[in-house]
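Novice: Supplied in structure tokens, the structure appears directly below.
Bear in mind that the values in this text are calculations on the coordinates, not laboratory data. As the structure is a prediction and not an experimental result, all values here were calculated from the model. Reconstructed Cβ throughout: ideal geometry from the backbone, glycine too, with neighbour counts over all protein chains shown.
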Amino acid sequence: MFDGSRQLRWAVLGAGVIANEMAQTFQTTGRTLDGVGSRTQEKAAAFAQRYGVKKVYASYHEMFTDPDIDAIYLATPHNTHMAYLEQALSHGKHVLCEKSITLNSQELDRAVKLARSHGVVLAEAMTIYHMPLYRALRERLASGELGRVNLIQLNFGSFKDYDMENRFFNRNLAGGALLDIGVYALSLARMFLESCPDQVKSFVRKAPTGVDESAVLAMTNREGQLASAALSLHSKQPKRAVISCEKGYIEIMEYPRADQAVIVDAATGARETVRAGRAAEALAYELADMEAAVRGEGDMMLPYTVDVMALMTALRREWGVSYPEEA
């Protein structure tokens, strides 16, 4: 069991794009990756050689049971997450899991209970919860200078070719806009709302595979705050967030890893640019917060993750979008 007196010993499961980015973050921050596992030994071995990883596991079970590993960064496709979470958490490993953390609320509830029963930290690798900019903005809002948050508007859209075999549109890979990009929009909304939305209206357009290609969401909570989100995997949009308050609004571009925002005064139109952190260090902030949480000194926003997953689960149920693992 990790007692905080030494550096956390990490292994990574997966060797794709985001796993490579995280491995680079380990290098640039002076951390060490102690193990790697992937679908093929060849991929894992190449990854280990590239980043100086000590161990290449012959099986995932070998990683989960390794007494020399404290924490696992899980970067496999999200339809595989639950099977790996169950094994890792059951063997007492802390887990930082790429979004979306699970397919649905039922899976996440099981994972949360496992983490609690084994005394380990479970967290979603949601950059928004760890960027210094958002901490600075929440402090500004808490001061009351902008008044109450009344409305949040969010956009996130990219154009992906209609290749029904890739993960974006493939039902067998848990494709769709909501789990891939909607999770960012909903996570930002939840972070700035006083409570989770309890009323949601939506329109969805499906890809030929039956997964959600584009959607428009409108939400409100018990405090009467409103939020909307426009999402698409087949139409380019800016990654733009606007948080509208009584005395002004906050505009944030590229919000998944934002390091600056503009606050506009409602009365005068005066604009103030707020800067905090660096977008290029987004994964480093995640790692630092995870390590602090393992030491009992930080918060990985798991209750927000639970709320967002509940919203996404309800929306997919309403749309009739499901995955083979949910049958």
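Novice: So which of K43/K206; K93/K206; K43/K99; K54/K239; K99/K247 end up more than 32 Å apart by C-alpha?
Specialist: Over 32 Å Cα-Cα: K43/K206; K93/K206; K54/K239; K99/K247.
Novice: Positive end of the charge dipole of the chain (Lys, Arg +1 and Asp, Glu -1 on Cβ, about the Cα centre): tell me which of Y73, G269, A327 has its Cα farthest that way.
Specialist: Toward the positive end, the furthest listed residue is G269.
Novice: With each label point set 7 Å from Cα along the Cα-Cβ vector, what nm distance links D161 and E318?
Specialist: 3.4
Novice: Quote the charge dipole size of the chain about the Cα centre in Debye, to the nearest 20; the model charges only the Cβ of Lys and Arg (+1) and of Asp and Glu (-1).
Specialist: So the dipole magnitude of the chain works out to roughly 320 debye.
Novice: Can you tell me the mean projection area, over all orientations, of the convex hull of the chain's alpha carbons? Units nm², please.
Specialist: 16.7
Novice: While we're looking at this one, here's another question. Simple spin-label model, 7 Å along Cα-to-Cβ: A266 to R110 in nm?
Specialist: Those two pseudo-labels are separated by 4.7 nm.
Novice: Grab the Cα-Cα distance for E297 and T40, subtract it from 0.36 nm times how many residues apart they are, and report the gain in nm with one decimal.
Specialist: 88.9 nm
Novice: Using Cα springs under 10 Å in a Gaussian network model of the chain, which residue among V36, V95, V262 shows the largest mean-square fluctuation?
Specialist: V262
Novice: Calculate, for Q49 and Q237, the FRET efficiency according to 1/(1 + (r/R0)^6) with r their C-beta to C-beta distance and R0 51 Å; round to the nearest 0.05.
Specialist: Given R0 = 51 Å and the Cβ-Cβ separation, E is 0.85.
Novice: What is the distance, in nm, between label points placed 7 Å from the Cα along the Cα-to-Cβ direction at L151 and at S59?
Specialist: 5.7
Novice: Answer with one residue from L233, S244, A174: the one whose Cα lies farthest towards the positive end of the charge dipole of the chain, charges on Cβ with Lys, Arg +1 and Asp, Glu -1.
Specialist: Most positive-ward Cα: L233.
Novice: If one computes the Cα centroid of region 258-284 and of region 129-168, what distance in Å separates the two points?
Specialist: The distance from the Cα centre of region 258-284 to that of region 129-168 comes to 12 Å.
Novice: Can you compute the helix-only [θ] at 222 nm over the chain? Use -39500 (n - 2.57) per DSSP H run of at least 4 residues, normalise by all residues, nearest 500 deg cm²/dmol.
Specialist: -10000 deg cm²/dmol
Novice: Using the Cα gyration tensor of region 99-230, with a ≥ b ≥ c the square roots of its eigenvalues, what is the shape: rounded (a/c below 1.5), prolate (a/b larger than b/c) or oblate (neither)?
Specialist: Here region 99-230 falls in the oblate category.
Novice: Along the positive direction of the dipole of the chain (beta-carbon charges: Lys, Arg +1; Asp, Glu -1; about the Cα centre), which of H61, Q41, V121 reaches farthest?
Specialist: Value: Q41.
Novice: Among DSSP beta bridges lying fully in the chain, give the percent that are antiparallel, nearest 5.
Specialist: Beta bridges within the chain, antiparallel portion: roughly 60 percent.
Novice: Under the classification rounded if a/c is under 1.5, otherwise prolate if a/b is larger than b/c and oblate if not, where does region 10-126 fall, given a ≥ b ≥ c as square roots of the Cα gyration tensor eigenvalues?
Specialist: Judged from the Cα gyration tensor, region 10-126 comes out prolate (a/c at least 1.5, a/b above b/c).
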